[in-house]
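A short worksheet on the structure shown next.
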Amino acid sequence: MAKTSTTTQGLRAAIERSGYYPALVAEAVEAAVGGEPIRSYLVHQETTFDQNEVRRHVTVLVLTGNRFIVSHTDEQAADSTSPTPYATTSTESVKLDRISSVVVSRVVANPEQYTPGTPPREVVLTIGWGAVSRIDLEPAACGDPNCDADHGYTGSSTADDLSLRVSEAGDGPETVRQALAFAQSISEATADVTR
């Protein structure tokens with residue numbers, strides 16, 4: 001995407017199209033971006049079902065020349081802390097040189113018939129910058145089925161600060177294309193930083 005005010009207007013229009021508290025979301029995103037030109041963006045509105053409640057939330061990803069900005073807004077029903085429904089909006093700004101990984105997982109139907117350029121039916125974008133790490137541990141074992149010795153633990157540490165899934169069925173083919181375009185933009189931007 002071009003580095004012009006047209007991109008800023010496009011972001012604002014995408015936030016408004018999501019229909020999810022657009023004034024609140026736009027204000028939070030615009031405050032985080034400040035005066036920096038926007039290189040790329042992705043707006044993802046998602047509806048989830050939690051027991052008897054329908055919950056919506058929106059995630060906005062913005063790439064500037066120096067930073068990756070994540071904004072997330074959730075709505076909450078009235079509860080013991082608030083007699084009325086409310087929304088929570090948070091933004092995080094990450095310098096591009098802090099991003100340690102960009103993972104793009106693509107799901108394609110009938111891979112034996114795949115034609116280059118055909119959009120996948122699902123994309124999962126995972127971006128890590130070290131703010132959140134997950135450690136999965138399990139008891140270690142040896143190859144002897146009769147061994148009852150304590151072999152300690154084995155596991156893995158995973159940095160997955162953000163994981164965003166879009167699908168053709170749930171979000172539409174245009175959102176899948178936008179997710180791929182954003183993934184390419186942030187991959188290129190982080191490659192430029194490490195040079």
Being of a type in the set (S, T, N, Q) and either surrounded by 10 or more Cβ atoms within 10 Å (Cβ to Cβ) or at pLDDT below 75 (or both) is the filter here; which residues of the range 128-156 pass it?
Ser133, Thr154, Ser156
Just need a number here: residues in the range 73-96 that are more than 24 Å from Val166 (Cβ to Cβ), loosely packed, with under 13 Cβ neighbours inside 10 Å and not β-branched (Val, Ile, Thr).
8
Of the listed residues (Val104, Val70, Val123), the one being touching a helix residue (DSSP H, G or I) at 6+ places or on another chain (Cβ under 6 Å) and open to solvent by less than 40 Å² (accessible area, probe 1.4 Å) is Val123
Only one residue in Arg177, Arg165 is modelled with pLDDT of 90 or more, within 14 Å of the chain's Cα centre (by Cα), of a type in the set (D, E, K, R) and open to solvent by 60 Å² or more (accessible area, probe 1.4 Å), so which one is that?
Arg165
Would you confirm whether or not the range 78-97 contains a residue that is assigned to a helix (DSSP H, G or I) and over 24 Å from Gln9 (Cβ atoms)?
yes
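The values are calculated or read from the model by the stated rules, or taken from the named source; none is laboratory data. If you're wondering where the values come from, they're calculated on a predicted model, not measured in any experiment. Don't worry about glycine lacking a Cβ; one is built from the backbone with ideal geometry, like all the others, and counts go over all protein chains shown. For accessibility, only protein heavy atoms count, side chains too; no ligands or nucleic acids. Shrake-Rupley method; radii C 1.70, N 1.55, O 1.52, S 1.80 Å.
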